[in-house]
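Visitor: Okay, here's the structure, questions in a sec.
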Amino acid sequence: MSPLVDFTVAGLAAGTTYALVGVGIALVHQVTGIINFAQGEFVMLGALLYALGCEGGLPVSLAISLAVTGTVAAGVAMQVLIIAPARAAGPDRLIMLTIGASILVQGLCLTAFGADQHFAPPFSGESRVQFLTTSFSTQYVWCAVLTAGAVAGLWLLLNRTSWGRMLRATAMDRDTARLMGVSPQAMSLLAFLLAAALAAAAGIVLAPLQPPDATIGVALGLKGFTAAVIGGLGSLFGAVVGGLVVGLVEAGVTGYLSSGYRDVIVFAVLLLTLMLRPHGLLRRSGS
Amino acid sequence: MTEYVLEARGVAARYGHIEALHGVDLTVRAGEAVTLVGANGAGKTTLLKTLVGLVAATRGSIRLRGHDVTRWPVQKRARAGLALVPEGRHVFSGLSVQDNLLIGGHGRGRTAVRRALVDVYDRFPVLARRRRQRAGSLSGGEQQMVAIGRALMAAPDVLLLDEPTLGLAPIVVAEVTDILTGLTGGHTAIVLVEQNTETAFRVAQRGYVLDRGLIRRTGDVADLRTDPEVRAAYLGETSRSQEPLPLPSPRKVTP
Ligand SMILES: Nc1ncnc2c1ncn2[C@@H]1O[C@H](COP(=O)(O)OP(=O)(O)O)[C@@H](O)[C@H]1O
Ligand SMILES: [Mg+2]
């Protein structure tokens, strides 16, 4: 076993989750101006529903459907019941509401499902992939494949469909998009829906690697936010890179220092990015 | 039904405590081309923004094809046939030329959009050649064509244009003026805001002179263009424009 390979693989796997959370946060931010701090809770919900489905004996396809449907429904409900009615308050204040929503989602999940961890089997059982002198669980490959698939699907939707065109136009210039008849509320709803679908995907691949409970959302949300900030909050590609960076830093710290420093170091990265490169690591500063 | 496709009555608008429009009447008949002229800061942009809903009317009413749209959101007015080519063009610079145009046709049927696209490319052959290019990479004149073409994609009943020749080279101004002239006489009524009175008076049949939030003169373009007082006081064309104008203060709230 090579620890370096292990840390890298585990770091990239965790990183793909943060990447999907970050992409969801960046997408919603671009379209609505809101930073959705509840995004991590949707990953938690997706992971929990998937694991509960598996524990309940559902076949994988049905467990996946359950997780995606439930998470997307929660994302849509949040937009319709909390964000849309308060939209006159403006994005800055709506950010506070997303923190409230995050506490609400966590509370509801604790009430409904308890605080216990739940377990989902890896997609391909216990099979492992041979790599150089070491091997790792096939689930890590699934992680990479599904993340790439989700990001590619989002890219196609944004670049090849009329809904995607409207989303991008709204992100670039909301008022001018309205002048073309595009409803910002409809675009906000679509952005929240897509972000929730990404969160569900993240939760489903995460569940077999890290048994979820109702409290994992907060850390996921903050790490996804860090990923999005590293990517400049404007670029979906940047958020993916940001997520992988966060995952690798975290795995490196856990492996070579101590897991106790893990979160501290990640948030130090967030702080440093905000102080030194507020427009993200990938963007020219000041733009 | 009224005889007007667009009818604004006593429209007022304010920014914070400062009222920028003090009760403006403006009417447009179907297919007609009118111009709105006036010095910098007169309230022309504010009036257009109020008509489309980007600025709320604090008094008065706006009717579009007979519907009272005064409280309608921007996007609903747009879908009801009102289009604005905003000051500064505002093309979606990260989208291709064709995507910009398609956004303009959003909400229409597939066939209508395809036909409108052919029409716009006919009118602006340069856009057809650059259809895959990022709109932001085009020249100012070409971007103006994107902005106008994008608005035409909706086949609007009323097309509002805010200073479409601003910042363009003289030869491009002539080109845009020709384009605007070519738009007149069809289904779409035009409201053209211009500081360039040469362009304004060539395109429109009827004009309004706006000064400090009030309509000061209205009539046929032929009469307005020869009216020495209009030329001197309201259009800033001679040295007299520097003198204080004998008009109500812009802060006066009740007319
Ligand atoms: N966003 C704004 N906030 C405050 N005042 C504004 C704003 N936009 C325009 N104004 C003021 O409203 C008046 C009319 O401006 P505007 O409609 O832009 O005039 P015009 O288009 O004729 O040059 C001006 O006195 C201007 O300073
Ligand atoms: Mg103006």
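Visitor: Return the tail of the calculated pair distribution for chain B, meaning the percent of Cα-Cα pairs more than 24 Å apart.
Guide: 46
Visitor: For chain A, what's the radius of gyration and Dmax over Cα atoms, in angstrom?
Guide: In Å, with Rg to one decimal and Dmax whole: 18.4, 60.
Visitor: Moving on to the next point. Over segment B:74-169, what lengths in whole Å, largest first, do the semi-axes of the equivalent ellipsoid take, defined as the square roots of 5 times the eigenvalues of the alpha-carbon gyration tensor?
Guide: Square roots of five times the eigenvalues give 19, 16, 11 Å.
Visitor: Counting Lys and Arg as +1 and Asp and Glu as -1, each charge on the Cβ, what is the dipole of chain B about the Cα centre in debye, to the nearest 20?
Guide: 1040
Visitor: Still on this structure, please answer the following. For A:L157 and A:Q185, what is the calculated FRET efficiency with R₀ set at 25 Å and r taken between the beta-carbons, to the nearest 0.05?
Guide: Given R0 = 25 Å and the Cβ-Cβ separation, E is 0.85.
Visitor: Any chance you could check the Cα centroid distance between segment B:209-229 and segment B:145-191 for me, in angstrom?
Guide: 22
Visitor: Also: Take the eigenvalues of the Cα gyration tensor for segment A:150-287, scale each by 5, and report the square roots as semi-axes in whole Å, largest first.
Guide: 31, 19, 12
Visitor: FRET efficiency for A:I95 and A:L62, Cβ-Cβ distance as r, R0 = 41 Å, nearest 0.05?
Guide: Values: r = 36 Å, r/R0 = 0.87.
Working from the Cβ atoms, E equals 0.70.
Visitor: Then there's this: Rank B:V52, B:I103, B:Y15 by how far each Cα sits towards the positive end of the charge dipole of chain B (+1 on Lys, Arg Cβ; -1 on Asp, Glu Cβ) and give me just the farthest.
Guide: The listed residue farthest towards the positive side: B:I103.
Visitor: Name the shape class, rounded, prolate or oblate, that the alpha-carbon gyration tensor gives for segment A:64-113, where a ≥ b ≥ c are the square roots of its eigenvalues, rounded holds for a/c under 1.5, and otherwise prolate holds if a/b is larger than b/c and oblate otherwise.
Guide: Verdict is oblate for segment A:64-113.
Visitor: Would you mind checking the tilt of helix A:60-78 against the longest principal axis of the Cα atoms of chain A, expressed as 0 to 90 degrees and rounded to 10?
Guide: Long axis of A:60-78 versus the principal axis of chain A: about 30 degrees.
Visitor: Which value, in debye to the nearest 20, describes the size of the charge dipole of chain A about its Cα centre when Lys and Arg Cβ atoms bear +1, Asp and Glu Cβ atoms bear -1, and nothing else is charged?
Guide: 920
Visitor: Could you tell me the convex hull volume per residue, in Å³, taken over the Cα atoms of segment A:35-187?
Guide: 159
Visitor: Here's another thing I want to ask about it. Once A and B are treated as a pair rather than alone, how much accessible area drops out, both sides summed, in Å² to 100, probe 1.4 Å?
Guide: 1700
Visitor: Tell me, what % of the accessible area of segment B:26-70 is carbon and sulfur with a 1.4 angstrom probe?
Guide: Heavy-atom surface of segment B:26-70 belonging to carbon and sulfur, 1.4 Å probe: 45 percent.
Visitor: While we're looking at this one, here's another question. Do you know the Lys pair count in the protein assembly as shown for C-alpha distances under 26 Å, with sequence separation 8 or more or different chains?
Guide: Final tally of qualifying lysine pairs is 4.
Visitor: Restricting to DSSP H runs of at least four residues, report the calculated mean residue ellipticity at 222 nm for chain B, -39500 (n - 2.57) per run over all residues, nearest 500 deg cm²/dmol.
Guide: -9000 deg cm²/dmol
Visitor: I want the antiparallel fraction of DSSP beta bridges within the protein assembly as shown, as a percent rounded to 5.
Guide: Bridges in the protein assembly as shown are about 60 percent antiparallel.
Visitor: Let me ask something else about it. What nm distance separates the two modelled labels at A:F237 and A:I82, each placed 7 Å from Cα along Cα→Cβ?
Guide: About 3.3 nm separates the two model spin labels.
Visitor: Give the span of segment A:100-176's Cα atoms along each principal axis, as three whole-Å numbers ordered largest to smallest.
Guide: That gives 55, 41, 18 Å along the principal axes, largest extent first.
Visitor: Please arrange B:L26, A:L233 by accessible surface area, largest first, computed with a 1.4 Å probe and ligands excluded.
Guide: So, going from the largest accessible area down, we get A:L233, B:L26.
Visitor: Which whole number gives the average count of other chain Cβ atoms within 10 Å of the Cβ atoms across peptide A:163-176?
Guide: Working: counts 1, 1, 9, 5, 0, 5, 9, 2, 2, 7, 6, 1, 7, 12.
Across A:163-176, the average partner-chain Cβ count within 10 Å equals 5.
Visitor: A follow-up question, please. Calculate, for A:I103 and B:N40, the FRET efficiency according to 1/(1 + (r/R0)^6) with r their C-beta to C-beta distance and R0 60 Å; round to the nearest 0.05.
Guide: 0.75
Visitor: Next question, about the same structure. Using a 1.4 Å probe on protein heavy atoms, which residues of segment A:179-210 have at least 40 Å² less accessible area in the complex than alone?
Guide: A:L179, A:M180, A:G181
Visitor: Roughly how many nanometres apart are two label points built 7 Å out from the Cα toward the Cβ at A:Y256 and A:S135?
Guide: Roughly 2.9 nm, to one decimal.
Visitor: Would you calculate the separation in nanometres between label points at B:R131 and A:R128, each defined as 7 Å from the Cα along the Cα-to-beta-carbon direction?
Guide: For the pair B:R131/A:R128, the computed spacing is 5.6 nm.
Visitor: Considering only C-alpha atoms, what is the centroid distance from segment A:157-180 to segment A:134-155, in Å?
Guide: 29
Visitor: Where a ≥ b ≥ c are the square roots of the eigenvalues of the C-alpha gyration tensor, would you call segment A:1-97 rounded, which needs a/c under 1.5, or, failing that, prolate if a/b is larger than b/c, or oblate?
Guide: Note, shape of segment A:1-97 comes out oblate.
Visitor: Where both partners of a DSSP beta bridge lie in chain B, what percent of those bridges are antiparallel, to the nearest 5?
Guide: Approximately 60 percent, going by the DSSP bridge assignments.
Visitor: Once the Cα atoms of helix A:236-256 and of chain A are each reduced to a long axis, what angle between those two axes, in degrees from 0 to 90 to the nearest 10, is obtained?
Guide: Relative to chain A, helix A:236-256 is tipped by roughly 30 degrees.
Visitor: Continuing with the same structure: Could you give the size of the charge dipole of segment A:107-215 about its Cα centre, using +1 on the Cβ of each K and R and -1 on the Cβ of each D and E, expressed in debye and rounded to the nearest 20?
Guide: Here segment A:107-215 has a charge dipole of around 480 debye.
Visitor: If N is the number of residues in the protein assembly as shown, what value comes out of its Cα radius of gyration divided by 2.2 N^0.38 Å?
Guide: Details: Rg = 28.3 Å, N = 542, 2.2 N^0.38 = 24.1 Å.
That ratio works out to 1.18.
Visitor: Turning to a different aspect of this structure: Given a 1.4 Å probe and every protein chain left where it sits, what share in percent of the accessible area of chain A is carbon and sulfur?
Guide: 69
Visitor: A further question on this structure: On a 0 to 90° scale, report how tilted helix A:39-55 is relative to the longest principal axis of chain A, with both axes built from alpha carbons and the result rounded to the nearest 10.
Guide: Approximately 50 degrees, to the nearest 10.
Visitor: Taking θ = phi - 60°, what integer Hz values does the Karplus form 6.51 cos²θ - 1.76 cosθ + 1.60 yield along segment A:7-17, in sequence order, with x for Gly and Pro?
Guide: Once θ is set to phi - 60°, the couplings for segment A:7-17 become 4, 5, 5, 5, x, 5, 5, 4, x, 5, 4 Hz.
The values are calculated or read from the model by the stated rules, or taken from the named source; none is laboratory data. Because the structure is a prediction, the values reported are computed rather than measured. All Cβ positions, glycine included, derive from the backbone under ideal geometry; neighbour counts span all protein chains shown. We work out accessible area using only protein heavy atoms, side chains counted, and drop any ligands, DNA or RNA first. Shrake-Rupley method; radii C 1.70, N 1.55, O 1.52, S 1.80 Å.
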